[in-house]
C-alpha cells in the first residue's frame, strides 16, 4: 500500500497552509516596522503629509518602541488563547472542520490589521491572527500525523515546521518590495488571501480517518476517508491495526462498542503500528488526568523538569527576537541591506529545517539540543560583540549561525520529545503545559526585546548567551536521550544525570 498518493499530498498541503500563515504572521512586521510606525526610510514628512497616498487610511500609525513591541507580542497572547481551546474543539468537531472554522480568525486578523487606523485596531488584528495561529500549532501536527503512514511519518512531521519557516521567508520577501508608505498594508492583508485559499482546499479534503474512527459508528466513514488517502480499497489491515493499538493502550473511545466486538483480521505487529500514534494531541485515555495530577505526582518530576527547561529555552534563546526584529537589529549597521540580509537569514532557516529532518533520527534528540544551545550561545555572544563594535559582516554571519543552530535542535525538538518522555495518559496534559509555557515566554521576549534593546543595544544578546550557557549545562544534566527508546526505557535510565 502506497502511503504517498497525490491526494494525501493535496490534503497535507491544505493543512500546512495553516502553519504557513503562522510563520507569515511571525515575520510580517519585521521588515516594515520603521515605515508603518512613521519612522525611518519611506516615512518622511512629505510622504506622510501627502493626502493622496490613501483617501481614508493614514499612511502610517505612529508608535514608539514599547507600543510596537506590544503590537508585535500580543500575537503570542492570542496564540496562547487559541492553543488552550483548540484540542477540545478538534476532538469534538474534527481536525478538518476545526481548521475551516479557524479560517475566521486567520482571515479576520489580516483584514483588521490591513485597514487599521490606530494602534488599537492593530492590536485586535494581531490578537485574532494569534488565536488562529495558536489553533494551528495544536491541530495541524495532529492532522498531518493522522493522515500519514509510518513510512512517511518523518516527512510529514517536518512539513509543519517547514510550513512555518516558509511563511516567515515569504513575509520577508514581500517586505523587500512592499515596505513603503503605499505597500505596508498589503503585507498585512496577504494573510487574508492565504486563509481563503486554505479554506477552499480544506473543503475538498477528507476528515482525519483516525478521528472518524474514534466516533461511535464512524468505522465506515473512516474507511472511506482512508481509501481516498491511500488510493486503494484495501485498508482493512491499517484500520485493524488502529483497533488493536487502541485496545492495548486503553483508548476505548477510538472505536465504538459495536465495532470493538468485530474480530481482528490480522494481528501482525508491524501492520498494527503502521499508522503513527498521535500522542501529542490525542484524546486523553484518562479523562480525569489533569494538570494538578501531573505536577503533584513525583513520578513525573524528572520529565517535568525536562519539559520546562526545553520549552523555556526555545523562547528565551532569543530566536523570536531575531525573527520579529532582525531588520531593525541590522539596520544600524546595514541601513541599505538589512531587508535583504533578513531574507537570506530566513532562507537559511528553511534549508536548515530540511536538514534537521535527517539529523533528528540520525544524531538523537539530546545530542542536537546540546549542539543547538551551545552553538547559539557562541553565536549570540559574537553577535553582541559585533553589534557593539559595528562589525557588519560578523553581525550578519553570527545571526545566520544563530538561526541555523536553532533550526537543527531547539526549533523542532521541544515538542517532539514530549510523547517520548511522558506516558500516554500524561502526554496531552504535558503538551498543553508546554504550549502554555512556550507562548508565555514568547510574549515576554517579543514585548520586552525592543524596549530593552533601545536601552542596552547589542548587549542584550549577552543576556541570551548567558541563558543559553546555563541551559546547555541543564540540558546535559536533566534531558535524556530518547532516540530509539520507549518511554519505559527512558524512565528506567532516568537518574537525573545523563553522561554520554
query = Is it true that some residue in segment 230-238 is in the same structural domain as residue 99 (by TED's automatic domain parsing), free of Cβ contacts under 8 Å to residues at least 24 places away in the same chain and touching a helix residue (DSSP H, G or I) at 6+ places or on another chain (Cβ under 8 Å)?
reply = yes
task = Look through 101, 111 and report the one residue that is in the same structural domain as residue 225 (by TED's automatic domain parsing) and without any contact (Cβ under 8 Å) to a residue 40 or more places away in the chain.
result = 101
task = Using the structure shown, decide if residue 128 is under 22 Å from the mean Cα position of the chain (by Cα) and assigned by TED's automatic domain parsing to the domain that holds residue 189.
result = yes
inquiry  = Taking the conditions exactly as written (within 29 Å of residue 380 (Cα to Cα), buried (at least 21 other Cβ atoms within 10 Å of the Cβ), assigned by TED's automatic domain parsing to the domain that holds residue 330 and at pLDDT 80 or above), does residue 479 satisfy them or not?
reply    = yes
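Kindly evaluate residue 104 against the criterion of being touching a helix residue (DSSP H, G or I) at 6+ places or on another chain (Cβ under 6 Å) and either surrounded by 16 or more Cβ atoms within 10 Å (Cβ to Cβ) or part of a helix (DSSP H, G or I) (or both).
Details: touching a helix residue (DSSP H, G or I) at 6+ places or on another chain (Cβ under 6 Å): no; either surrounded by 16 or more Cβ atoms within 10 Å (Cβ to Cβ) or part of a helix (DSSP H, G or I) (or both): yes.
Taking the combined requirement at face value, the residue does not satisfy it.
To keep it simple, each residue is scored yes or no on (1) out of contact with any helix residue (DSSP H, G or I) (no Cβ under 9 Å at 6 or more places or on another chain); (2) surrounded by fewer than 22 Cβ atoms within 10 Å (Cβ to Cβ); (3) at pLDDT 90 or above.
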residue: 259; (1), (2), (3): no, yes, no
residue: 277; (1), (2), (3): no, yes, no
residue: 302; (1), (2), (3): no, yes, yes
residue: 315; (1), (2), (3): no, no, yes
residue: 335; (1), (2), (3): yes, yes, no
residue: 340; (1), (2), (3): no, yes, yes
residue: 347; (1), (2), (3): no, yes, yes
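Quick check, is residue 470 in the same structural domain as residue 289 (by TED's automatic domain parsing), more than 23 Å from residue 165 (Cβ to Cβ), surrounded by fewer than 19 Cβ atoms within 10 Å (Cβ to Cβ) and at pLDDT 95 or above?
It is true that residue 470 is in the same structural domain as residue 289 (by TED's automatic domain parsing), more than 23 Å from residue 165 (Cβ to Cβ), surrounded by fewer than 19 Cβ atoms within 10 Å (Cβ to Cβ) and at pLDDT 95 or above.
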message = So in segment 18-69, with the set limited to residues that are under 32 Å from the mean Cα position of the chain (by Cα) and over 24 Å from residue 170 (Cα atoms), which one is modelled with the lowest pLDDT?
response = 65
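The values are calculated or read from the model by the stated rules, or taken from the named source; none is laboratory data. Small disclaimer: the values here were computed from a predicted structure and weren't measured. In this analysis, Cβ positions are derived from the backbone assuming ideal geometry, glycine residues included, and neighbour counts consider all displayed protein chains.
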